[in-house]
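These notes concern the structure reproduced below.
The values are calculated or read from the model by the stated rules, or taken from the named source; none is laboratory data. On a predicted model such as this, the values are computed, not experimentally measured, just so you know. Note that we place each Cβ from the backbone using ideal geometry, even for glycine, and neighbour counts take in every protein chain shown.
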Amino acid sequence: MAVRQVASIHFKNFVSKAWSPIDPDETRKIPEGDKSMVRENILGFVTQLPPLLRAQLGESIKTLILADYPEQWPSLLHWVTHNMESQDQIFGALYVLRILSRKYEFKSEEERIPLYQIVEECFPRLLNIFSTLVQIANPPIEVADLIKLICKIFWSSIYLEIPKQLFEPNIFNAWIVLFLNLLERPVPLEGQPSDPDARKAWGWWKVKKWITHILNRLYSRFADMKVHKPESKAFAQMFQKNYAGKILGCHLQLLNAIRTGGYLPDRVINLILQYLTNSLTKNSMYQLMQPQIDIILFEIIFPLMCFNDNDQMLWDEDPHEYVRKGYDIIEDLYSPRTAAMDFVSELVRKRGKGNLQKFIQFIVEIFMRYNEASIEVKPYRQKDGALLAIGTLCDRLKQTDPYKAELERMLVQHVFPEFSSHVGHLRAKAAWVAGQYAHITFSDQDNFRKAMHCVISGLRDPELPVRVDSVFALRSFVEACKDLDEIRPILPQLLDEFFKLMGEVENEDLVFTLETIVDRFGEEMAPYALGLCQSLAAAFWRCMASSEADDEIEDSGALAAVGCLRALSTILESISSLPHLFIQIEPTLLPILRRMLTSDGQDVYEEVLEIVSYLTFYSPTISLDMWSLWPLMMEALNDWAIDFFENILVPLDNYISRGTEHFVSCKDPDYQQSLWKGLSSVMTDQNMEDSDIVPAPKLIEVFFQNCKGQVDHWVEPYLRLTIDRLRRAEKPYLKSLLVQVTVQLLYAGYVLCFVRYYITKIMIIYFHIL
């Protein structure tokens, strides 16, 4: 098996690179005869291979379909439809049809035309297969795998636009009836894994997830009649009338499992709650929900907001992962707790009358029971959920009578005591809630000070999640603090805790808080600037290393890396009046700049250029090390960075205007020649829009204004270049810039006595412009 797996991976990688190479001159092209042989034989292996190898083969088939269908592979659709008729080939046909339909999932209407033929040819057969599978008594897990493929095919086919074939009421009804049948039907008990991770990935739960996904998509597309094309309004009305309520009822029935201690995968809960949340805005749907709203709110939604066994296990066993999941945007998209918070927020926003009051009363009762209970039986997890609810509703409560007048008292009575709780997750939640309300008007400033100092103390908490939530909350207190003398005496200790925490976690919010502190204290940060930059640079490299090593955390690592760069810019701005500090900081930042000014830094290029701009503008002089960055920027501009030309202009201006002598005299590298190569390439490129090259004439002006009398040999080439581009200019702003450059160069040319050669051409162009 190992040898076969290596072979399948090698084949996949070879096909990915060589089947349709990006570079037309790529030498490793596959001859057309070999391609035909592959297309004729590859599909037959789908059903013959075990899942591990099939996944690699599927990637190869995907490459072929993306490149060749339908033009070079017209027989593919016939192969699919033919094999859908053969019972022992159904899996292979559906597997390939899934890949084929996915090609068009995000395509525009014009590009989706081949999909409509696929639907026309395959969906009648697909519906028959689906119906047959649903009717099987005591189905084995292989049936779930087939149904899951059918759901994925349907999802890809309807994601952007519903094919007109499905607008036919009887056909659409047949699909929905089957979806609802499966959604209402209990999953088989036999064969269900006991391991939590294996359980949520089990085929029958995956079927529930995909059906819920599909129904949510249909509802989000057809819930609002105002956004529809005329031809689909009748379908939307039919969907609202006949199906939206049935789906809601089915979802509520599924959620009942939570009340009775049953199991639902987190993703299914999340999707169902999204459907309920979207339903709150429609009167007809809310009327269906209203009789059960108390059950939904107090027996389903609120328990999901409470700290649970999984939270405790993660808190104890892997606090770093607990922190990552708590601050990960992607995790939020799939989290039942986040979906529950969204439901509560939308409920009080859209249906606040009555619901807000009874929900707050419910929270108050939890607070009272907690306060009255002995320490052994206090409902700690319910208190955690109640605090989460109060924090979630902060914007609403700040604006609503009578609650806004009671917020300070609520904090003092029910939040402040938890700062000293022996339960770690309550200390963390207290810090988070305090941060949510840091901007309210405190009648007693001692309460503000107490909250802020409790949050600052949380930075030294033995539990990592408490420290991170305290950092998050501190940002709000620093923003809201009117008297910085409250923080100033402890600023060194505060920054020490930041340095320690930055060495432990990659958290974007930590960097945001640091930015806020730097912004508020300005030049007072000077004594700490070098240490801060060193810590941020180290954090940046850790973020880069983790995102490169683990694809699953690539997004969060990249976000934290961007945050580090932004914080570095904030620090450099705060010490802009202290040039000597830039000399000390520069060696720390140079390795980052050298790496990220290449194509490796495309995602953070704007932030990196801002740092280069600060270093080249505020340093007493531009060092030779900083000059080594010039070729990197010009190489990027000539290759892939034209979209960043406006950003590149700033440091290039600094190099020329503040390092004129070195710019003019140095011949290795030759900066003048490098500039000419870049600007002439941009300005002669026929594919460049006027808006793309606006920085070019600005840079020419910078060049001649700062190097006057030292670069006379460049006047004629630049004059010729500018005149040629002026002929093609269409946008008034670019014309104006080019005219300014022309005038400047004409004056220089007059001094050099060759202006007469160009004056006639220029006058003709000027008259044409006028």
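Among Ser476, Ser569, Ser547, which is farther than 23 Å from Tyr605 by Cα, in a helix (DSSP H, G or I) and either within 24 Å of the chain's Cα centre (by Cα) or without any contact (Cβ under 8 Å) to a residue 40 or more places away in the chain (or both)? Before the answer, list the steps.
On the way: Ser569 fails: farther than 23 Å from Tyr605 by Cα; Ser547 fails: farther than 23 Å from Tyr605 by Cα.
Residue meeting the stated conditions: Ser476.
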Can you tell me which residues in segment 421-437 are among the aliphatic types (A, V, I, L, M) and surrounded by fewer than 23 Cβ atoms within 10 Å (Cβ to Cβ)? Val423
Taking Ile366 and the conditions (1) in contact with a Leu (Cβ under 9 Å, 6 or more places away or on another chain); (2) surrounded by 18 or more Cβ atoms within 10 Å (Cβ to Cβ); (3) free of Cβ contacts under 8 Å to residues at least 40 places away in the same chain, which numbered condition does it fall short on, given that it satisfies the others? (1)
Would you check if Ile375 is in the same structural domain as Leu411 (by TED's automatic domain parsing), farther than 27 Å from Leu411 by Cα and among the β-branched types (Val, Ile, Thr)? no
Segment 257-270: number of residues that are assigned to a helix (DSSP H, G or I) and exposed (fewer than 15 other Cβ atoms within 10 Å of the Cβ): 1
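Taking the residues in segment 447-468 that are in a helix (DSSP H, G or I) and within 31 Å of the chain's Cα centre (by Cα) as candidates, determine which candidate is surrounded by the fewest Cβ atoms within 10 Å (Cβ to Cβ). Give the derivation first.
Pass one, segment 447-468, residues in a helix (DSSP H, G or I): 447-458, 464-468.
With within 31 Å of the chain's Cα centre (by Cα) added as a condition, the list becomes 455-456, 458, 464-468.
Working: Val455: 26, Ile456: 22, Gly458: 25, Leu464: 19, Pro465: 23, Val466: 25, Arg467: 25, Val468: 29.
Here the residue is Leu464.
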If I filter segment 231-263 down to residues being at pLDDT below 90, touching a helix residue (DSSP H, G or I) at 6+ places or on another chain (Cβ under 9 Å) and not aliphatic (A, V, I, L, M), which single residue comes out as farthest from Gln287 (Cα to Cα)? Glu231
Given the criteria more than 18 Å from Tyr334 (Cβ to Cβ), polar (S, T, N, Q) and touching an Asp or Glu at 6+ places or on another chain (Cβ under 9 Å), does Gln237 qualify? no
Quick one: Cys753 ticks every box in (1) at positive phi; (2) modelled with pLDDT of 80 or more bar one, so which box is it? (2)
Val471 passes all but one of (1) free of Cβ contacts under 8 Å to residues at least 40 places away in the same chain; (2) assigned to a helix (DSSP H, G or I); which number fails? (1)
If Ala389 meets every condition in (1) more than 21 Å from Asp311 (Cα to Cα); (2) within 30 Å of the chain's Cα centre (by Cα); (3) in contact (Cβ under 8 Å) with a residue 40 or more places away in the chain apart from one, which number is that one? (1)
Name the residue that is surrounded by the fewest Cβ atoms within 10 Å (Cβ to Cβ), counting only residues in segment 725-743 that are among the β-branched types (Val, Ile, Thr) and out of contact with any Pro (no Cβ under 6 Å at 6 or more places or on another chain). Val743
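Anything in segment 176-210 that is farther than 19 Å from Ala236 by Cα, of a type in the set (A, V, I, L, M) and modelled with pLDDT of 90 or more? List them, or say none. If you could, list the steps in order and put the result at the bottom.
The first filter runs over segment 176-210 and keeps only residues farther than 19 Å from Ala236 by Cα, leaving 178, 181-210.
Narrowing the set further to residues that are of a type in the set (A, V, I, L, M) leaves 178, 182-183, 187, 189, 198, 201, 207.
Result: Leu178, Leu182, Leu183, Val187, Ala198, Ala201, Val207.
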Before we move on, is Lys325 without any contact (Cβ under 8 Å) to a residue 40 or more places away in the chain and either over 30 Å from Glu109 (Cβ atoms) or of a type in the set (Gly, Ala, Ser) (or both)? yes
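Please find, among Phe123, Phe130, Phe154, Phe167, the residue that is at pLDDT below 95 and either farther than 17 Å from Trp204 by Cα or surrounded by 18 or more Cβ atoms within 10 Å (Cβ to Cβ) (or both). Give the steps one after another, and end with the answer.
Numbers: Phe123 fails: at pLDDT below 95; Phe130 fails: at pLDDT below 95; Phe154 fails: at pLDDT below 95.
Within the list Phe123, Phe130, Phe154, Phe167, the selection yields Phe167.
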Residue tally, condition under 20 Å from Asp625 (Cα atoms) and of a type in the set (D, E, K, R), over segment 640-686: 6
Over segment 379-413, the set of residues at pLDDT 95 or above, outside any helix (DSSP H, G or I) and under 27 Å from Asp446 (Cβ atoms) is Leu393
Quick one: which of Ser16, Ser86, Ser36 is touching a residue at least 12 places away in the same chain (Cβ under 8 Å) and not aliphatic (A, V, I, L, M)? Ser16
Tell me, yes or no, whether segment 529-539 has at least one residue that is modelled with pLDDT of 80 or more, of a type in the set (A, V, I, L, M, F, W, C) and within 20 Å of Arg460 (Cβ to Cβ). yes
Only residues that are of a type outside the set (A, V, I, L, M, F, W, C), within 14 Å of Leu464 (Cβ to Cβ) and modelled with pLDDT of 85 or more: list them for segment 493-503, please. Glu497, Lys500
Could you list, in sequence order, all residues of segment 42-89 that are within 20 Å of His10 (Cα to Cα), at pLDDT 90 or above and more than 35 Å from the chain's Cα centre (by Cα)? Ile42, Leu43
Restricting to segment 610-622, what's the tally of residues that are hydrophobic (A, V, I, L, M, F, W, C) and either touching a strand residue (DSSP E or B) at 6+ places or on another chain (Cβ under 7 Å) or farther than 19 Å from Ser574 by Cβ (or both)? 1
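May I ask you to say which residue of Gln192, Gln165 is in a helix (DSSP H, G or I), over 22 Å from Gln274 (Cβ atoms) and not hydrophobic (A, V, I, L, M, F, W, C)?
Working: Gln192 fails: in a helix (DSSP H, G or I).
Residue meeting the stated conditions: Gln165.
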Going by what's in this entry, would Leu280 be described as under 30 Å from the mean Cα position of the chain (by Cα) and either surrounded by fewer than 20 Cβ atoms within 10 Å (Cβ to Cβ) or in the same structural domain as Leu356 (by TED's automatic domain parsing) (or both)? yes
